[in-house]
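> Quick one: this structure, given as structure tokens, is what I'll be asking you about.
Since every read-out is calculated from the coordinates, none of them should be taken as a lab result. Bear in mind that the values here come from a model prediction, so they are computed numbers and not experimental data. Reconstructed Cβ throughout: ideal geometry from the backbone, glycine too, with neighbour counts over all protein chains shown.
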Amino acid sequence: LPMAFRDVNARRHIGLQQLSALALAGRTLLGPMKSCKFIVDESTHQSTLICSAVRLIESLDLTSAAGQLLNETIQAQNKEFRTGMSTLLFLIGAWSNAVLECLQQNVPVSAIVSVMSEGLNSCCERVQCLQISIHDVNKELCSSSVRPNAFKSKTCQIGCDSLLNPHIFLCVQKDISAPEEVIPVNAYSYQEDDSNFNKRLLSPLAGFGSIAPLVKPAGDKSTSMISGSGVIASSCNKQKLTHSRYFSTLRKSHFSSQQGSFQGHLSGPSADPCECYGLGHLAMALNHGNRTSVKLLQSIVAYQRERAECSDSSQFNIAGIVTCCLLGLPESYSCVSPGFVTLVSPEQTTVIKYFEDKPLRILLMDGDLTEQYRHLGFNRPCNVRTILEHPSLPEGRADLWLSSMLDILISFEVNLVLVKGNVCENLMERCIANSILVIGSVTRDVLCAFGEVTSAQPVTYLTQLSASCVGSGAQVGLWKACDGRAMDLGELVPVRIKVRGIPLLTAVLTTTVASKMQLIEDRFWTLAYRLHHALHDEKVFLGGGAVELLCLSHIQMLAKEPLQPANKNPEREFHNPCLAASATEYTSVVLQALASGWKQYLSVIMCNTAKAASELEACTLVDHHLKKASECGSPSAYILKEFRRGHLLRGGSGPFDDHGEDLKVYDNVTAKTEAWRRALDLVLLVLQTDAEIITGPKRNQLLNSHVSSEFMFL
């Protein structure tokens, strides 16, 4: 057996080295102050600005087996959580290096797998003490000394030059039972229905209402007030806001005739007055520095919150959110529009103008609108051999199909068709000529949203269409910017489709820099899913490196003591007495290697956020905190105290220090721990695969005895 170990360690573990090299490219993407990268397409010579591990991995040439596994792991994390990929990528590289160092010290593969797995499991259990419920987060942030200046972005301070300024300020009276509502006269003229909506979009803290509906007792009809940007006005401090720096104000009674005007106060328990701060604090704390996306998300939650008061719907419904990317407009034009905003060809604008604000009959298609399309699971005729999958149809047959499909649409008086997949160009042209608007590449969530409010039922083929499948009540029009102008961006034209009562909201993302468009969209969805997962988990982790510091402290303490396997019978666990003994013999070495990953993680984040001038300085600061935590006797208590004081891992300006103050930050629980597990699972899988290639499957059978189903996520 020792000869087998020496044989493994004498040869190079190519897979682990490849993981380490690939992960090194994402080093600057870690932490809230990410350094963006330009990715250049060699074929088109066009560049794209990226700031996420997903886009980086998609752009790399991953021809190796380890690279393919890395891509699948990153994509799995992105598909499930849409956050935590940078942490995942970094830890894969850090732990790959740690495992290589263990191999250099002749540590058996079985010991590495066993001790690292048990060590991570122990860490996940230990850090549970740093979880805090979102209800408690609200109280904690409400009682903190954070002032509103920290929440105001630089764009907000420009004044009327920014179209992202708050559009509404609510004053808070000392008498909560008789609130006085103040609504500004905006300096801009808004588009028709969007006028009322955009005036409802609240300022950074106001838009979120209260966390309380998640825990509101039955029969509680009390109210809690919210405040605008520029002052934290709540029942906590009894302040009264009567004027905005940028807008003049009128009482709400002057606007009572406007349909859909926003109610100035939101319902929720008033037993705890600090509930008024609501989800605004939570979103800002989960935000990690992305202010523009916070403003849009606040607007979305404000609208969904108002709608939820009249129904049993969820307070934050991420399925009811879509994005539309408009290239050519300044970023200040980014806003939220009710309904579905999408891009169409200029040729379709004639149809849109003809139908503008008229009730339309709508059809939903769950598939492609092409002659060659066959649904998933389609059974081909028996005894037929396919020579060509999609032959070009004879001109007569193609015309026959086009005429048949068009006749079906005309016979059912369909005006609007939303298609999940692709649309035949020739059919599109004929539909335009017959005043039928067809829009392709529509997501399933959008189809479901329109189906619920129009009574339309999706069909796979037009030949299945019946009168009961066609909905009604949809309206279409050109999308207009916040200044009331319709936008014509040349190649594509933005349009908005709406239906009364539809819960769908579109975040319209704009920029004049083509390479930045993907980055802006990724940032928006990252924040949206962070808030979604926080509300789903109903708890968050202390952020700012608190969880990783406790892991590091815990692992170092375990390294000083023998690690007890989960199975009380180690011989049975390893099927071999020698392997069971080796796991205990190398425990300290392997745990130190595992801890080195956490230490590198903290050091790099501190360097990326300018909290340390170098990794050496960062490591020194981490060691200083570890020493103090050890002397305290309770590392978790020490970390919690330093976190509340804002002194945790602080060696310079923090990521939110542009106004002279740090904000407390929090992390998602499930997304973070799953990123840890996926990182270690991949590293150990590649380690064992490399070992099997080097030693052969038979000689490596003993080494692989600890393999379990935890690697099956790939």
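> Apply the Kirkwood formula to region 44-146: the hydrodynamic radius equals the inverse of the mean of 1/r over all pairs of different alpha-carbon atoms; give it in Å with one decimal.
17.3 Å
> Whole-Hz Karplus ³J(HN,Hα) for region 300-305, in order, using 6.51 cos²θ - 1.76 cosθ + 1.60 and θ = phi - 60°, x for Gly and Pro?
5, 5, 4, 5, 5, 5
> Any idea what log10 I(q)/I(0) is at q = 0.14, 0.22, 0.24 Å⁻¹ for region 397-463, Debye with uniform C-alpha scatterers and no solvent?
The calculated log intensity ratios at q = 0.14, 0.22, 0.24 Å⁻¹ are -0.42, -1.01, -1.17.
> Roughly how many nanometres apart are two label points built 7 Å out from the Cα toward the Cβ at A637 and T670?
3.3 nm
> OK, next. Need the full-extension length gain, Q457 to E80, defined as separation in residues times 0.36 nm minus the C-alpha distance. One decimal, nm.
Gain on stretching Q457 to E80: 132.9 nm.
> Moving to a separate point now. With the cut-off at 28 Å, tell me which of the pairs K139/K672; K139/K627; K295/K628; K353/K516; K516/K641 have Cα atoms farther apart than that.
As for pairs spanning more than 28 Å Cα to Cα, those are K139/K627; K295/K628; K353/K516; K516/K641.
> By per-residue mean of other Cβ atoms within 10 Å, what is the highest-first order of 455-467, 62-74, 670-682?
For the peptides 455-467, 62-74, 670-682, the packing ranking is 670-682, 62-74, 455-467.
> Is the shape of region 447-552 rounded, prolate or oblate, going by the alpha carbon gyration tensor and its root eigenvalues a ≥ b ≥ c, with a/c under 1.5 for rounded and a/b larger than b/c for prolate?
oblate
> If each of C448 and V513 carries a label point 7 Å out from its Cα toward its Cβ, how far apart are those two points in nm?
3.6 nm
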